[in-house]
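The values are calculated or read from the model by the stated rules, or taken from the named source; none is laboratory data. Please read all numbers here as calculations on a predicted model, not as lab measurements. Every residue, glycine among them, receives a Cβ derived from its backbone with ideal geometry; neighbour counts consider all protein chains shown. We work out accessible area using only protein heavy atoms, side chains counted, and drop any ligands, DNA or RNA first. Shrake-Rupley method; radii C 1.70, N 1.55, O 1.52, S 1.80 Å.
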Amino acid sequence: MMVQYVSTGIKAGRNTLGSTGRGRCLSTGSSKIGEPLKVEDAETVQAPHPPQEKLLVLGGSGFVGSHICKEALDRGLSVTSLSRSGKPSIQEPWANNVHWHQGDLLSGSSWKEALNGVTSIVSCVGGFGSNSYMYKINGTANITAIRAAAEKGIKRFVYLSAADLGVVNYFLQGYYDGKRAAETELLVRYPYGHAILRPGFIYGNRRVGSMEFPLGVFGSPLEMVLQHAKPLSQVPLVGPLLTPPINVTAVAKVAVRAAIDPVFPPGIVDVHGLMRYSHQNVL
């Protein structure tokens with residue numbers, strides 16, 4: 001980007017402005033104030049380009065994470081993924097533009113190299129299993145990442161959590177305890193630079209090995225019906241089961257926006273908030 005700075009000196013009687021700073025003294029060649037100014041010289045300087053945003057997606061090789069990587073690339077960001085599996089078997093051209101790192105948040109510290117130069121993070125790290133395993137992968141792993149990011153001075157952190165599902169929470173206690181522990185840590189470390197996304201069921205074309213499952217076949221109709229049943233979701237215990245599903249592309253769009261938009265409000269974004277933000281046009 002080329003910027004021209006013009007510095008002028010105005011003669012009025014015997015008073016002539018001298019040079020200021022690094023600018024040159026320019027004479028207008030006229031002693032009459034009413035005459036138009038004639039610029040005799042100008043200096044061209046090279047202004048630095050603004051640095052490119054660099055997004056790190058934790059769990060970027062997974063279902064939701066890969067969609068976030070693609071959305072971020074479409075927004076012109078530099079994108080890095082960190083996951084235990086490293087580069088996925090995605091055969092789409094955009095995948096070649098992601099920097100794929102392999103590492104385990106629960107093992108060693110070599111994964112911290114992926115934090116270099118990063119300006120914001122979206123974490124999709126999570127999983128199911130025994131209660132102790134679910135707490136470790138949903139809670140401890142994310143807490144470790146949040147602390148490392150804060151120490152590195154990374155400015156924004158977006159966490160993909162989960163909506164409460166009433167009675168289901170009891171059967172997945174380790175999962176939800178881990179999620180809420182990570183949320184608490186994020187609120188402490190990033191009081192103004194965080195966003196907590198709480199979707200329910202996320203649908204889209206999900207690939208498992210060589211097979212692709214079109215989850216939108218039943219996810220999309222359910223979303224259309226249940227998004228209008230918000231009052232029913234307030235019914236104790238069973239109401240949360242009526243939380244509407246949401247498309248993975250909508251979640252990815254909001255996650256990237258929350259990561260790079262400095263005026264995106266901190267706090268918890270439920271599924272209805274995710275739907276609302278995903279329909280907003282952002283430059």
Considering residues that are aliphatic (A, V, I, L, M), open to solvent by 10 Å² or more (accessible area, probe 1.4 Å) and in contact with a Phe, Trp or Tyr (Cβ under 6 Å, 6 or more places away or on another chain), the number found within region 168-202 is 0
Picked from region 115-135 (must be surrounded by fewer than 21 Cβ atoms within 10 Å (Cβ to Cβ) and not hydroxyl-bearing (Ser, Thr, Tyr)), the residue nearest to Cys69 (Cα to Cα) is Val118
Quick count over region 141-159, residues being under 21 Å from Arg257 (Cα atoms) and not in a loop (DSSP other than H, G, I, E, B), is 9
Return yes or no: is Asn138 assigned to a helix (DSSP H, G or I), in contact with a Lys or Arg (Cβ under 7 Å, 6 or more places away or on another chain), at pLDDT 95 or above and crowded, with 19+ Cβ neighbours inside 10 Å? yes
Residues of region 58-102 being of a type in the set (Phe, Trp, Tyr) and more than 18 Å from Ala250 (Cα to Cα), in sequence order, are Trp94, Trp100
Contact list, first residue from region 136-147 and touching a residue at least 24 places away in the same chain (Cβ under 8 Å), second anywhere and open to solvent by 10 Å² or more (accessible area, probe 1.4 Å) and of a type in the set (Asp, Glu), beta-carbon distance below 6 Å, six or more apart or interchain, is Ile143/Glu185; Ile146/Glu185
Of the residues in region 231-261, those that are of a type outside the set (A, V, I, L, M, F, W, C) and at pLDDT below 60 number 6
task = Answer yes if at least one residue in region 159-167 is buried (at least 20 other Cβ atoms within 10 Å of the Cβ), closer than 12 Å to Leu58 by Cα and of a type in the set (Phe, Trp, Tyr), and no otherwise.
result = yes
From the option list Gly117, Gly127, single residue qualifying as within 28 Å of Tyr170 (Cα to Cα) and assigned to a loop (DSSP other than H, G, I, E, B) is Gly127
Conditions (1) open to solvent by less than 40 Å² (accessible area, probe 1.4 Å); (2) under 12 Å from the mean Cα position of the chain (by Cα); (3) not aliphatic (A, V, I, L, M) -> Phe63 fails only (2)
Inside region 75-94, the number of residues satisfying the requirement of being in contact (Cβ under 8 Å) with a residue 12 or more places away in the chain and assigned to a helix (DSSP H, G or I) is 1
Within region 177-195, the residues that are under 22 Å from Tyr133 (Cα atoms) and either of a type in the set (A, V, I, L, M, F, W, C) or at pLDDT below 95 (or both) are Ala181, Ala182, Leu186
Quick count over region 244-280, residues being under 13 Å from the mean Cα position of the chain (by Cα), within 18 Å of Ser81 (Cβ to Cβ) and aliphatic (A, V, I, L, M), is 7
